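Notes follow the structure.
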Amino acid sequence: MFKLCRSSKYINKTWRSPLRYVSTKTPFDIDESDDKYKDFNTMYSEMFTPPDERTTTRKDHLSDVSGTSESDDLNKDLQDLFQVDHTPLSGSELQDRVKSTGRFVIRSLSHNPYYNLALEDYLFRNAPVSKEVTNKIYPNHRLLFYINNKCAVIGKNQIIWQELYLPELKRQGYEVLRRLSGGGTVIHDLGNVNYSFITSRNEFHSNFFNELVVKWLLSYDNTLPVTMNKRSDILYDDKKCSGSAFKIAQGKAYHHGTMLVKSQLSKFHGLLKPKDIPGIHWDSASVDSVRSNISNIPLPSTDEFINICSDGFQNDFRGGNTSEIPIYYCDETNSVNDEIVTTMNTLNSDKWRYFSGPKFKVEFKEKNISISCEKGVITDSSIAGLIGKDFKTTLEDKDFFSNKIYNKQF
Amino acid sequence: MLNRTITRTVYRATTTRSAIAPTYRLFLRAQSTSHGNNHLNKDELPFKFSSTGPKLVKYSKDHEWLAMHNDGTTFIGITDYAAAALGDATYIELPEPNTVVEAGESIGSVESVKSASEVYAPVSGAVLEAHTELESHADYINSDPMGKGWIAKLMINEAANKDYLDELFTLEQYEKFLKSDE
């Protein structure tokens, strides 16, 4: 139960707030003789006790996870007690919130990467931007959080075959997507939080939001060794735990970032190609992926990271207002509309995934073979008869691959 | 209830300057490697296409420039200001030749160190040519954004685009727009 509770979506800032602002070790001052609250108090005292000092109750709680009825009851109690509403927005509510002025936080409860990337694009495209230019601070900042099932995501201007070991990804059940913004290639799993900060073009600067994230992380725990590098990546102990991509369009900009919290990093090996593979030469203007050593940031849960940032955002962007910046929830079943579905279809189409991106020429030195390709179609090749064929199908032809261009590392 | 909350948030937020504002404005200036003006380069094709130079040079609030010649041939690119603000360009996404674009439609994008920035057609017309030299020379966007760094060549009908052209900034208006933005 301990684990379930702490990472449960039903715990939200409503009852985390005292902890931040009163800064006391026991956020609740509840009569311990009252059985109803006993679990909470035990849980909280454990949250703020180093692991080695914990009592065995933690294990007891963990062993309860399989029996969901108790935790369901508890969650329901919690929901009633703190009136937490995680009901996802309907399609029309989503549209209404997105197109109206005002700041908000929005969390996707779906793990479908196609939905989440399409949602991000929808939020970005439809955030209001004033026609006249003013000196005022952009009033419609948005902060989106989502977590994707395992997938590989390449940048808009990259070559999919240069970046990814596609057969291996397929074998392991990874989805493969080309995002709508720039940047390099990353692997996502359920331990990785994606955040997206939408602002105006004028206010946009690539360091801006991650500086805030670092600030919020340090105010949560000032012993965390988090820093930022020149690429505005966030480093934990000098290893990258967060990468960023940016997009500017229609007078607006978004900063998309990832934060590795509980990712199974060991499973990421062998999915991304190294910059150089012996015998293979790529000639193109594509955008480089910067290879980095990576690390999780040791927070208790992905939810904890989201809460830290939501709290920070609500505090720092309130602008002197007494009422709180709202947090909305959405999911794939309820919070959809035609625009989102269209983008999901685009993202999931071969045309976008494989046949977009820069033109390129790839050479297989050992076999003295070269293939040039534009929008997925072979435009020139040292092998007769390839011109006009599509590159993807050609590569997937096992006979062709093993007889002609065989390179075990390709 | 919710709506009212939001509205109030906006009202306060826009009338109370928070501490965040000066920070990013400073940043925007700090990363700029601007040439200092947004004049079309008279030594390059967008200007020299016709012997008399372009009939009209205009600017959009999205920081595109256009140079229209007498026959309707129109060059489009991003301004010096925009190029400097984006930083080193790494990849230029170009439009497809022989396609029709509507004003406001994306005709490509400039990916810089890590951002992808859309480029919009300020007018409607047919794409005659994409500047494919940028495929191997993305750096022209920074070294000469208003000359060698042109992105697309369109054929436009001036009369049909009158409203769009009227709405675009002159150089003077654009510079003023930039100042008001600081």
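The values are calculated or read from the model by the stated rules, or taken from the named source; none is laboratory data. Here the structure is a predicted model, which is why all the values come from computation and not from measurement. Please note: Cβ atoms are built from the backbone with ideal geometry, for glycine as well, and neighbour counts cover all protein chains shown. These accessible areas exclude ligands, DNA and RNA; they are computed on the full protein's heavy atoms, side chains included. Shrake-Rupley method; radii C 1.70, N 1.55, O 1.52, S 1.80 Å.
Charge dipole (Cα centre; +1 on Lys/Arg Cβ, -1 on Asp/Glu Cβ; no other charges) of region A:209-257 amounts to roughly 300 debye. Between A:SER349 and B:ASP88, what is the label-point separation in nm under the 7 Å Cα-to-beta-carbon projection? Reported label-point gap for B:ASP88 and A:SER349 is 3.5 nm.
3J(HN,Hα) couplings calculated from phi for region A:360-368 with the Karplus curve 6.51 cos²θ - 1.76 cosθ + 1.60 (θ = phi - 60°) are, in sequence order, 8, 10, 10, 10, 9, 4, 4, 9, 6 Hz; Gly and Pro show x. Subtracting the Cα-Cα distance of A:ASP85 and A:THR333 from 0.36 nm times their residue separation leaves 87.6 nm of extension gain.
Note on A:318-325: average number of Cβ atoms from other chains within 10 Å of each residue's Cβ is 6. With contacts taken as Cα pairs under 8 Å at a separation of at least 6 residues, region A:200-301 carries a relative contact order of 25 percent. For a Förster distance of 60 Å, can you work out the FRET efficiency between the beta-carbons of A:SER219 and B:LEU128, rounded to the nearest 0.05? Computed FRET efficiency for A:SER219 and B:LEU128 comes out at 0.60.
From largest to smallest, the equivalent ellipsoid semi-axes obtained for region A:360-405 from the alpha-carbon gyration tensor read 15, 13, 9 Å. Per residue of A:196-207, other chain Cβ atoms within 10 Å of the residue Cβ number 4 on average. In terms of packing, defined here as the mean over residues of other Cβ atoms within 10 angstrom, the peptides B:140-146, B:74-80 line up highest first as B:74-80, B:140-146.
Can you bin region A:206-247 into rounded, prolate or oblate? Criterion: square roots of the alpha carbon gyration tensor eigenvalues sorted a ≥ b ≥ c, rounded for a/c under 1.5, prolate for a/b above b/c, oblate for the rest. Judged from the Cα gyration tensor, region A:206-247 comes out oblate (a/c at least 1.5, b/c at or above a/b).
Applying the criteria of a DSSP loop state and at most 14 other Cβ atoms within 10 Å to the GluC sites (Glu not before Pro) of region B:75-136 yields B:GLU102, B:GLU105.
Working from label points 7 Å from Cα in the Cα-to-Cβ sense, the B:LYS48 to A:GLU366 distance is 4.9 nm. Extension gain, A:GLN172 to A:PHE400: 0.36 nm times the residue separation minus the Cα-Cα distance gives 79.7 nm.
A straight line joining the Cα centroids of region B:58-93 and region A:252-319 runs 32 Å. Remark: accessible area buried at the A-B interface is about 4300 Å², both chains counted, probe radius 1.4 Å. FRET efficiency for the pair A:GLN409 and B:MET155, taken as 1/(1 + (r/R0)^6) with r the Cβ-Cβ distance and R0 = 45 Å, rounds to 0.40.
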